[in-house]
Amino acid sequence: MVLYVSDRLRQGQIRGLHQSMAKKQQQLQELKDKLNNPRAHKREKEALEREIHGILKGEQCHLILKVFLHEKGNGRFDLDWICDLSAYQWVTEVYFGKRIITTSRHEWSDAEINAAYQGQNHVEQVFKHLKNPFYHAVTPQFHWTDQKIKVHTFTCLIGLLLSQLLWKKAKEAGYRMNVETLLDRLSDVRLAEIYTIYDLNEKPQKEERLEDMDSELNILYDTLANKDF
């Protein structure tokens with residue numbers, strides 16, 4: 001078990017807290033306006049408390065926003081709230097910015113556990129890539145037998161591995177683009193087949209040439225083509 005501390009995580013959580021608090025205070029104000037409406041129906045205290053609890057739920061706002069429900073008699077209520085600054089300070093400075101990472105890899109060092117945790121976004125990106133219908137999506141399969149489904153999935157994974165290898169080589173060459181952008185750029189590379197007839201009694205001679213490319217794409221293609229895979 002490793003305690004992971006990140007100021008970047010804490011700052012992101014604080015931004016989320018501020019957005020949530022603004023939304024919840026707006027909901028509290030709307031509820032207050034309804035309660036103070038002269039045409040408001042009688043309310044049950046327990047039902048109001050449950051509604052307030054539902055508004056405060058999430059993002060630790062129930063610790064920071066302190067709501068006071070006032071009975072005015074005859075089923076009429078009013079409410080006020082304050083922000084508990086000491087609770088806000090504890091949440092943002094002590095509670096936020098921490099994650100507990102657990103693993104069954106007891107032989108790993110803290111650095112190895114943290115590196116594996118930091119790398120999980122790469123795994124998530126791969127699954128996201130496999131769901132992208134324009135690249136290596138596993139679906140639709142158009143197959144029904146188990147054997148053909150396995151071959152289809154295997155082919156998709158081989159394509160994924162090759163595209164990841166291509167992206168890795170591009171990154172090593174100094175290019176900063178995701179794999180989808182790289183594949184989009186390379187899809188503009190087209191190979192033309194030219195057949196030349198010199199004699200009607202002989203087979204046409206076949207020649208393959210790359211179509212003209214813009215200078216940026218030409219450099220990218222030459223860089224990857226010259227890489228030792």
For this session: Inspect region 124-142 for any residue being among the basic types (Lys, Arg), exposed (fewer than 14 other Cβ atoms within 10 Å of the Cβ) and under 24 Å from Arg185 (Cα atoms) and give the result as yes or no.
Result: yes
For this session: Please go through region 166-204 and pick out each residue that is assigned to a strand (DSSP E or B) and within 24 Å of Tyr135 (Cβ to Cβ).
Result: Leu191
Exercise. How many residues are acidic (Asp, Glu), more than 18 Å from Leu162 (Cα to Cα) and outside any strand (DSSP E or B) when one looks only at region 205-229?
Worked result: 4
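Yes/no per residue for (1) within 19 Å of Tyr221 (Cβ to Cβ); (2) of a type in the set (Gly, Ala, Ser); (3) touching a helix residue (DSSP H, G or I) at 6+ places or on another chain (Cβ under 9 Å):
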{"site": "Val151", "(1), (2), (3)": "no, no, no"}
{"site": "Lys169", "(1), (2), (3)": "yes, no, yes"}
{"site": "Gly174", "(1), (2), (3)": "yes, yes, yes"}
{"site": "Ser187", "(1), (2), (3)": "yes, yes, no"}
{"site": "Lys206", "(1), (2), (3)": "no, no, no"}
Exercise. So which residues in region 85-104 are surrounded by 11 or more Cβ atoms within 10 Å (Cβ to Cβ) and either assigned to a helix (DSSP H, G or I) or at pLDDT 95 or above (or both), if there are any at all?
Worked result: Ala87, Tyr88, Gln89, Trp90, Val91, Thr92, Glu93, Tyr95
Exercise. Are any residues in region 154-207 touching a residue at least 60 places away in the same chain (Cβ under 8 Å) and over 17 Å from Val126 (Cβ atoms), and if so, which ones?
Worked result: Lys169
For this session: Could you please let me know if His62 is of a type outside the set (Ser, Thr, Tyr) and either at pLDDT below 90 or part of a helix (DSSP H, G or I) (or both)?
Result: yes
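The values are calculated or read from the model by the stated rules, or taken from the named source; none is laboratory data. On a predicted model such as this, the values are computed, not experimentally measured, just so you know. Note that each Cβ is placed from the backbone with ideal geometry, even for glycine, and that neighbours are counted across all protein chains shown.
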